[in-house]
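The values are calculated or read from the model by the stated rules, or taken from the named source; none is laboratory data. This is a predicted model, so every value here is computed, not measured. Note: ideal-geometry Cβ built from the backbone for every residue, glycine included; neighbour counts use all protein chains shown. Keep in mind that these areas ignore ligands, DNA and RNA; they rest on the heavy atoms of the full protein, side chains included. Shrake-Rupley method; radii C 1.70, N 1.55, O 1.52, S 1.80 Å.
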Amino acid sequence: MADFAVIGQSVYRKDANSKVTGQVLHVGNIEMPAMLHVAVLRSPYAHARIRRIEKSKAEALNSVAIVLTGAEVAQMPGVDPYFGPAFRDQPILAVDKVCFVGDPVIAVAAKDRRTAEDALQLVEVDYEPLPAILDLLEAVKPESPLVHEQHRPAKAFADLAHVKAGQKSNICYQFKLRRGDVDKAFAAADRVFEDTFSSPPAQHLPMEPHVTLVYLDENQRINVWTASQTPSYVRTELSNTFGIPMNRIRVRIPYLGGGYGAKLYAKLEPLVTALALITKKPVRYALTREEEFLTITKHKVITKIKTAVKNGVITARKCEVFWDTGAYAEIGPRVVHKSGYTSAGPYRIPNVWIDSYCVYTNHVPAGAFRGFGVPQVIWAYDSQMDIVARAIGADPVEFRLRHALNEGEAFATGTPVKSFGIKEAIRQASKAIEWSKPRIAPAGSKRRGKGIAAGVKAVLTPSISGAIVMMSADGTVNVLSSTVEMGQGSETMMGQIVAEELGVSFDQVHVVQPDTDITPYDTITAGSRSTYHMGNAVRAAAGKIKAELFQVVAKKLEVNPDDLVAQRGRIFVRGTEERGMTISEAFLAKFGSLGTTLTGEAICQPEAIPTDPETGQSEKCTEYWFPSATTAEVEVDTDTGQVKILQFYSVGDTGTAINPKHCEQQLLGSAITHLGLTLFEEMIFDEGQLVNGSLLDYQVASIKDLPDSFRSIVVEVPHETGPFGAKGVGETGALTVSAAIANAIQDAIGVRIHELPITPEKVLRALTQKKEKAALERSNENDA
Amino acid sequence: MTIRSFDLLQPQSLAEASDLLVKHGDDARPIAGGTTLVILMKQRAVYYPCLVDLQSIPGLDGIFEERDGIRIGALATHRAVERSPVVRNSMPVVAEAFGKIGNVRVRQTASVGGNLSHADYRLDPPPALLALEAEVSIFGPKGSRAIPLRDFFRGMYETALEPGEILVDVKIPFMPEGSKAVYLKYSALSANDWPCLGVAALLAKDNGRCRELRLALGGVAMTPVLIRGLEFARGLNLSDAVVDEVLRKVDGQISPFSDLRGSEWYKRQMVRVFVKRAIARLDSGT
Amino acid sequence: MKMTREITLQVNGREEKVAVEDADTLLEVLRDRFKLWSVREGCGVGACGTCTVLLDGRPVSSCFLLAVRAAGREILTLEGLSDGKDLHAIQEAFVTQRALQCAYCTPGFVLSVKALLDEIPDPSDDEIREYLSGNLCRCAAYADILRAIRVAQVSSKLA
């Protein structure tokens, strides 16, 4: 990166000082006079009709402003009581029935939180239980009772325009991919492998729970402060839900205490807005951790995967992927589509059949979890890659390299892949762990093994990022962007790109926090899309300012604007630094007044060709890919089944690394989090009731759960249309962790785990079964 | 969640505390360190209009060496026990067991008395205390009494405390001459988790033969379990055959049930593994 | 019915009288009354560490500590750590070692690291992990945090 001033530098993040002193603004710190606090009564049933609500005692409690029911929300004039990004299926408060344990039924707003919670205990609700639809594979059957009788598409996003109002079914969305002829290939195969893999529901667990504050300003406009990754969407959703013009709603978002996909689309905003509108007071609602468990989850997925091999290569793959999206679809259909079409992997397979189903059940709603569903499908396909490789005597690394797509080859969707560093990622990962070095067999009950997994995610396309950049006469810059800084370093990334483009120092660029009064539309801050999309937008917007300044300088110096460059706060003729002007001088030359500004605006809006509804084919399904590879060495204690991670390498192709240290951090951070998801995280339900809904019981990786040695490796395969060649990195490290661990365990002790999490008990059971099977075979041989 | 309003009563003596508990009956509960109880009240899972604050009574938090053992006041924190020089010197297994509870912040706040009175089946200190034949002192409306810890746990969250009674201290006799003890906590899931099970073992040897073996386990029954019938091992080498016999006895005295940390099957397997490991650790001279 | 009692809390070197209910937690009082926003609720059960404050120099979870119990004890929050001009050595190390991303857990970690180094000036890797085992970071910046601690140790010695 010798040519760049700040791109490729690991500058310190812009928000470091405010965060390390605790001065940072979070929504939970914002107080307003006469602000009301909210408590919510939630359904104790997975599926039930609401028969009767008795709330007069609660309403009579001192300092209670309102006790609101879903029926009352449904009666608010002009209000749509249902919201949602794919289907408008989620009630602001349950209207006539509840659809999962935890479904909000009653909201109290009171002077303080204690009063609100005291009031809740005085509300009586009678329910009539209904049969609960809890089994994912039963829910897809035609005879299954229904969670929802009707499906109402939301029409909020271009990429979900094809989502239809469904037939009477719990399947609210299905993605199909048909390529070649899988049946013929299976018939002709040397060997066919069939496996089922499952991944449990889990918690995003941002340390900052969801929190939203809504008030009416002096113009009676709705002002929203919310911990959300989607300012533009929140404004649109509130506008549609309450029938209020968009410019009479202002959504502001400070730094988030983590998001990971939990804080997307609308969560608390519709309810808090309703309360603010009715009480005409500021209202703030912050979830407890227990309520977080009942708000949004990572999809439980069951994958049936069938693979044909002939002459040592894979000839066909059939995947049936079932996604438990819970009681409300949230963004399930997008996850099911985007991850669905990657279900066969980044591999050369001529015949592919994929059915990916988004299924309603009476569980907590599931949505986008860091990785957007791809970790779950890679868990299936790259676990099976190892099963296949070992069965036919191929080395797992070599087998993947044999099949991994090269630049320009067609993905299962028919899209030729570009900037696709999967092979380099595999090579780096296997090199880091010294793959070919002989395994050590320690003494006693421990066994060691190495595993690799590879996989790829595709970025959400189409999507939109708009930005405005404003430069002031002293050369300092404001960036107006709706991208949300949630720890991933987006603010720093934007600062670096704009500084580079305008030739100013990083410290001269200020990134304004999202405010829908001034920051333009951005689809979402999620899916690793911001570096590319918003990075391009801010760069292009800055470029327009630069072009204007070049015009001024060119005229003044009587040179061709094409001969000018902007560096170090000056604009000058390339190669002759003294022939130029400072930025301030250029402003003065243009305006003649002090304190003037120049503004540039740009939109980055990559297009996709929609996948064919019957075949899933598209010449361009995505703008770019995230290739990922993980290698791990484990030590299994065969007495207890415990798995210790000795070495761990997370490798990702990020395109150009705008900030290399941040890219390493993102790879490693998402990978370490996914280690916990692999080894012990799961939400455990019993008849629809969550059994481990607090941090006393739900386990999260701590500093004691780190591998002995670990490292992330950034592979840079530049993307020709990414900003300075960059793509993205927020999720890449998460994708291939689970399969790598399972593959390492197979290497160590010869057992295959099909269900996450990989607990010691599962490992011990598998080992015990293996021993019993071997003993049985031995005794059969002896008998024979 | 917030805690529903209640009154914190602050007696200045055990007698006063006991009287308050009797007077308010089911409406009152003692609060010691206040971790578990406060959490339950925050979750609004339980509610008491009155909490009787034992911290306001002077002299309940000491850790004293006596002629025949160590007396730990009920209000001593886990952290105080973990770091206490007298405990670490004379019975390090007790410091170890208290040091394995939760995290450092919990240990800084939670109390010995609160822990034992809560009588959760998975707690770390009870196996170590049982293996060392600890005794608890209780004060109540009828005065003071002392009972062996093994008679203190009656069931899940049930102790021998009668209405109005308060656990005052734990007396732990010094370990037998030349003996060693260990507490193994097995957390199956994250390193920080509640245990799947805990095993405390004490072994005294003469000339390589067992003079005394004691075992106590947590997490594998409704209460912590002190294993009986290990006298047979006295005078014997702890050979594989002897250890197998120990394991048979242990297996017959535990009644594990499936919980989030392990199924009944798994717990039984792990009991075998960790009892063996505990004995091996003590027998090997490390 | 709601009775309050007046207690004196020593917070970040200042004594303040405040009227609290017996049912108020220290976390609630520090935020609602003292506006010390660095003290945060992440789990409500003492498992995550975002509510950590130092009580007489020792780390406690303020989310389950009754405020009345903190009366007369010295309370330190992150706001009280730096001298108002320069960052504390631990804060500085967190910045240079990039030991924070969303940073919601950072106040809890910084205070816990201070308590750790005050109690054990030269801790082993195991002692560090044990002491910080109850501080959760969902961004998983643990490796950077471990490095920051070693850097803070060195710079504290030089100071």
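Checking each residue in the stretch B:166-205 for being surrounded by fewer than 23 Cβ atoms within 10 Å (Cβ to Cβ), farther than 24 Å from B:V271 by Cα and of a type in the set (D, E, K, R) picks out B:K171, B:E177. Elements of the type strands (runs of 3 or more DSSP E) sitting completely within the stretch B:162-274 and holding at least 1 residues that are within 18 Å of the chain's Cα centre (by Cα), over 27 Å from C:G134 (Cα atoms) and of a type in the set (V, I, T): these cover B:166-173.
For (1) modelled with pLDDT of 95 or more; (2) over 23 Å from B:P176 (Cβ atoms); (3) open to solvent by 10 Å² or more (accessible area, probe 1.4 Å); (4) at the interface with chain C (Cβ under 9 Å from one of its Cβ atoms), each residue gets a yes or a no:
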position	(1), (2), (3), (4)
B:A17	yes, yes, no, no
B:G33	no, yes, no, no
B:V46	yes, yes, yes, no
B:V52	yes, yes, no, no
B:A74	yes, yes, no, no
B:R79	yes, yes, yes, yes
B:V86	yes, no, yes, no
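Checking each residue of the stretch A:575-594 against the condition of being open to solvent by less than 70 Å² (accessible area, probe 1.4 Å) and part of a loop (DSSP other than H, G, I, E, B) gives at least one match.
A single member of A:L264, A:L271, A:L256 is under 20 Å from A:L36 (Cα atoms), outside any strand (DSSP E or B) and of a type outside the set (D, E, K, R), and it is A:L271. Checked against the criterion of being closer than 22 Å to A:H674 by Cα, out of contact with any Lys or Arg (no Cβ under 7 Å at 6 or more places or on another chain) and part of a helix (DSSP H, G or I), the stretch A:743-750 contains one or more residues that satisfy it. On the basis of being over 16 Å from A:Y265 (Cβ atoms), open to solvent by 20 Å² or more (accessible area, probe 1.4 Å) and either at pLDDT 95 or above or within 14 Å of chain B (Cβ to nearest Cβ) (or both), does A:D112 make the cut? The answer is yes for A:D112.
Checking the condition in a loop (DSSP other than H, G, I, E, B), more than 10 Å from every other protein chain (Cβ to nearest Cβ), farther than 30 Å from C:E127 by Cβ and out of contact with any helix residue (DSSP H, G or I) (no Cβ under 9 Å at 6 or more places or on another chain), which residue from B:P58, B:P11 passes? Talk me through it step by step, then tell me what you get.
Working: B:P11 fails: out of contact with any helix residue (DSSP H, G or I) (no Cβ under 9 Å at 6 or more places or on another chain).
So the residue among B:P58, B:P11 that is in a loop (DSSP other than H, G, I, E, B), more than 10 Å from every other protein chain (Cβ to nearest Cβ), farther than 30 Å from C:E127 by Cβ and out of contact with any helix residue (DSSP H, G or I) (no Cβ under 9 Å at 6 or more places or on another chain) is B:P58.
The single condition among (1) part of a helix (DSSP H, G or I); (2) touching a helix residue (DSSP H, G or I) at 6+ places or on another chain (Cβ under 6 Å) that A:L137 does not satisfy is (2).
Every condition in (1) modelled with pLDDT of 95 or more; (2) surrounded by fewer than 18 Cβ atoms within 10 Å (Cβ to Cβ); (3) not in a loop (DSSP other than H, G, I, E, B) is met by A:E619 except one, and the failing one is (3).
Which members of the stretch B:101-133 meet the condition of being under 17 Å from B:D61 (Cβ atoms) and part of a helix (DSSP H, G or I)? Selection gives B:V106, B:R107, B:Q108, B:T109, B:V112, B:G113, B:G114, B:N115, B:L116, B:S117, B:P125. Checked against the criterion of being open to solvent by 40 Å² or more (accessible area, probe 1.4 Å) and within 15 Å of the chain's Cα centre (by Cα), the stretch C:127-137 has no qualifying residue.
Residue count for the stretch B:88-100, restricted to those that are open to solvent by less than 20 Å² (accessible area, probe 1.4 Å), part of a helix (DSSP H, G or I), more than 14 Å from chain C (Cβ to nearest Cβ) and of a type outside the set (G, A, S): 2. Of the residues making up the stretch C:82-124, just one is open to solvent by 50 Å² or more (accessible area, probe 1.4 Å), over 21 Å from B:V106 (Cα atoms) and in a helix (DSSP H, G or I), namely C:E92. Out of all the residues in the stretch A:449-463, is one or more touching a residue at least 40 places away in the same chain (Cβ under 8 Å), more than 23 Å from the chain's Cα centre (by Cα), at negative phi and open to solvent by 20 Å² or more (accessible area, probe 1.4 Å)? The answer is no, given that none of the residues of the stretch A:449-463 is touching a residue at least 40 places away in the same chain (Cβ under 8 Å), more than 23 Å from the chain's Cα centre (by Cα), at negative phi and open to solvent by 20 Å² or more (accessible area, probe 1.4 Å). Within the stretch C:15-24, identify whether any single residue is assigned to a strand (DSSP E or B), within 14 Å of chain A (Cβ to nearest Cβ) and open to solvent by less than 10 Å² (accessible area, probe 1.4 Å), and answer yes or no. Yes.
Residues in the stretch C:56-81 that are modelled with pLDDT of 95 or more, open to solvent by 10 Å² or more (accessible area, probe 1.4 Å) and aliphatic (A, V, I, L, M): C:L65, C:V68, C:A71, C:L76. Restricting attention to the stretch A:700-717, does a residue exist that is closer than 14 Å to A:T732 by Cα, of a type in the set (G, A, S) and assigned to a strand (DSSP E or B)? So far as the stretch A:700-717 goes, yes, one or more of its residues are closer than 14 Å to A:T732 by Cα, of a type in the set (G, A, S) and assigned to a strand (DSSP E or B).
Counting the residues of the stretch C:71-89 that are at the interface with another protein chain (Cβ under 9 Å from one of its Cβ atoms) and in contact (Cβ under 8 Å) with a residue 40 or more places away in the chain gives 3. Scanning the stretch A:670-694 for residues that are of a type in the set (A, V, I, L, M) and either open to solvent by 10 Å² or more (accessible area, probe 1.4 Å) or within 19 Å of A:K644 (Cα to Cα) (or both) yields A:A671, A:I672, A:L675, A:L677, A:L679, A:I684, A:L690, A:V691. Checking each residue in the stretch C:35-70 for being of a type in the set (G, A, S), facing chain A (nearest Cβ under 10 Å) and on the phi > 0 side of the Ramachandran plot picks out C:G44, C:G46, C:G49. Among the residues of the stretch C:65-81, write down those that are closer than 17 Å to C:E41 by Cβ and not in a helix (DSSP H, G or I). Passing the criteria: C:L65, C:L66, C:I75, C:T77. Among the candidates A:A473, A:A540, A:A443, the residue that is hydrophobic (A, V, I, L, M, F, W, C), modelled with pLDDT under 95 and surrounded by fewer than 24 Cβ atoms within 10 Å (Cβ to Cβ) is uniquely A:A443.
Of the residues A:S198, A:S144, which is among the hydroxyl-bearing types (S, T, Y), touching an Asp or Glu at 6+ places or on another chain (Cβ under 7 Å) and in a loop (DSSP other than H, G, I, E, B)?
A:S144
Scanning the stretch A:676-689 for residues that are assigned to a strand (DSSP E or B), over 30 Å from A:I387 (Cβ atoms) and within 12 Å of another protein chain (Cβ to nearest Cβ) turns up at least one hit.
The condition of being touching a strand residue (DSSP E or B) at 6+ places or on another chain (Cβ under 9 Å) and at positive phi does not hold for C:G84. The residues of the stretch A:388-411 that are closer than 21 Å to A:Q617 by Cβ and open to solvent by 10 Å² or more (accessible area, probe 1.4 Å), listed by number, are A:N406, A:E407, A:G408, A:E409, A:A410.
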